[in-house]
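In what follows, a structure is listed as structure tokens, so that the remarks can point back to it.
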């Protein structure tokens, strides 16, 4: 069971309540709010331990380095990585996926090689591969999604072949909340001799993740979607792969020896962390995973599925709402459309009631086309949300639907009279 | 900020019953406008005779603000010269961005979009059709 006072851990809610405009935050799939512990960790680091890392010639620098490496160990433990050196700090999941595409893809793919993606990918697992495919002549293939918004594993099998070099799929869809069977997907990829890449941006924050059990070769996550600061993320990779890969970016920190025309590199993970890293961010992320572990990831996922299911049932009772969510699995992500009310208008209506949701294509334009919609509204729940939040959402939606009820074509003369009256009244 | 200030009856009427919706078969100029952040997609076409906008239409899909704005705009620019249409567009941007001023009869139904200025995230919706119109008209500039 989730603690009932979790909201109190997040100062932003008290802040807006004090202003007389209580915040109902239903956009955690975009970014989550930050608990006091994470904000305090940043404050503590910058107030007491700020120094550059891996330059341990004085005590303060050694302390900062220890804190930075301890954060790495915490993230490694959080996803059950066999060793901390398998975790590379990046800016976010997008950078992690780009690192794979550039450092591995650009150097290992040949014309005609195949990368298998899926129809429910975020742009961050599409656009890097578009770029790499253009440079290498590699071909992109797509796992079909079925009518229950689940990936069709038969379609994966059909797409696997002798030229398949990698399968890269999202663990949890940021639009549909679908939880993909990543362990099975990795097994099938490996059977075909391909690498398995998992975009964990929407799974790491919400459920227990065990990269050894999944047996993925790469796993990408974003800190800000899991109570951590913005600008920090991580890439997990099997260590042997990191050893074999070329660097992503060059500069300080990632080198061993540098000569005028050549250089050799530090061992992973440092080989992939050029320049001064986001030390404060990493420490903040370490505090965030600590916070989530204390809540218990099993509690988190159960809480979100319960809220997601409840919201789906509640919204389905309202006439004119269409929900895009699998019947069989689903997290706390709920995408929907409303007859006669555009998602952007829904967002404005909800905003006026203090409810923050996302409206748009959710960085998944190919998926929007597959769903045959221009955009959707999306409510996404996290540890601090509760059933009253869902009730507020439903009530505000009902109000918006009433406002946008279809009207008869206005009588132009009546409109003119109304306008004149308004002027008089005004 | 009150919802009634944004979603006025005039706006909802234009949204639900848009004027000048469709395509001009052989337009003088047309342009496509796309709002990446929300996916609104609009096509504006104009027919120009002797420097005067003889017809204007729009097609595509989007939110109430972008669709009503396009409906109102196409009403407003018909019968105006290209330069006049551009002037109205300039006035319209000032109005929805909240610049103080007297926006009277010249703005027609567009005055009902004044409330957008209190909803900064919706300004892009209101201006989409107008920017698209300006892009279409700009295609004629090199011919002058």
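Here are some notes:
- Among all residues of the range A:378-393, there is at least one that is closer than 27 Å to residue A:170 by Cα and within 14 Å of chain B (Cβ to nearest Cβ).
- Filter result for the condition that a residue is outside the structural domain of residue A:385 (by TED's automatic domain parsing), surrounded by fewer than 19 Cβ atoms within 10 Å (Cβ to Cβ) and out of contact with any helix residue (DSSP H, G or I) (no Cβ under 8 Å at 6 or more places or on another chain), over A:59, A:69, A:18: A:59
- Residues in the range A:104-130 that are within 21 Å of the chain's Cα centre (by Cα) and without any contact (Cβ under 8 Å) to a residue 40 or more places away in the chain were compared, and the one that is surrounded by the fewest Cβ atoms within 10 Å (Cβ to Cβ) is A:130.
- Among the candidates A:417, A:358, residue that is within 14 Å of chain B (Cβ to nearest Cβ), modelled with pLDDT of 95 or more and over 17 Å from residue B:6 (Cβ atoms): A:358
- Any hit, the range A:276-284, residues being farther than 20 Å from residue A:124 by Cβ, surrounded by fewer than 18 Cβ atoms within 10 Å (Cβ to Cβ) and in the same structural domain as residue A:176 (by TED's automatic domain parsing): yes
- With respect to (1) touching a strand residue (DSSP E or B) at 6+ places or on another chain (Cβ under 9 Å); (2) touching a residue at least 24 places away in the same chain (Cβ under 8 Å), the lone exception for residue A:360 is condition (2).
- Under the condition of being surrounded by fewer than 20 Cβ atoms within 10 Å (Cβ to Cβ), within 14 Å of chain B (Cβ to nearest Cβ) and under 20 Å from residue A:383 (Cα atoms), the residues counted in the range A:295-350 number 0.
- Index of the failed condition, residue B:98 passing every other in (1) touching a helix residue (DSSP H, G or I) at 6+ places or on another chain (Cβ under 7 Å); (2) modelled with pLDDT of 95 or more: (2)
- Summed over the range A:131-144, residues that are part of a loop (DSSP other than H, G, I, E, B) and surrounded by fewer than 20 Cβ atoms within 10 Å (Cβ to Cβ) total 2.
- Looking across the range B:122-144 at every residue that is over 17 Å from the mean Cα position of the chain (by Cα) and farther than 20 Å from residue B:20 by Cβ, the one that is farthest from the other protein chains (Cβ to nearest Cβ) is identified as B:144.
- Residue within the range B:126-143 that is out of contact with any helix residue (DSSP H, G or I) (no Cβ under 7 Å at 6 or more places or on another chain), buried (at least 20 other Cβ atoms within 10 Å of the Cβ) and touching a residue at least 60 places away in the same chain (Cβ under 8 Å) present: yes
- Taking the range B:1-111 and the helices (runs of 4 or more DSSP H) fully enclosed by it, the elements with 2 or more residues that are closer than 24 Å to residue B:121 by Cα and facing chain A (nearest Cβ under 10 Å) are at B:3-6, B:9-16, B:64-77.
- Test result for residue B:4, surrounded by fewer than 18 Cβ atoms within 10 Å (Cβ to Cβ) and either without any contact (Cβ under 8 Å) to a residue 12 or more places away in the chain or out of contact with any strand residue (DSSP E or B) (no Cβ under 6 Å at 6 or more places or on another chain) (or both): yes
- Meets criteria (more than 22 Å from the chain's Cα centre (by Cα) and outside any strand (DSSP E or B)) for residue A:73: no
- Taking the conditions (1) within 30 Å of residue A:152 (Cα to Cα); (2) surrounded by 21 or more Cβ atoms within 10 Å (Cβ to Cβ); (3) in contact with a helix residue (DSSP H, G or I) (Cβ under 7 Å, 6 or more places away or on another chain); (4) touching a residue at least 40 places away in the same chain (Cβ under 8 Å) in turn, residue A:101 satisfies each one other than (4).
The values are calculated or read from the model by the stated rules, or taken from the named source; none is laboratory data. What you are looking at is a predicted structure, and each value in this text was computed from that prediction instead of being measured. Neighbour counts run over all protein chains shown; Cβ positions are idealised from the backbone, glycine included.
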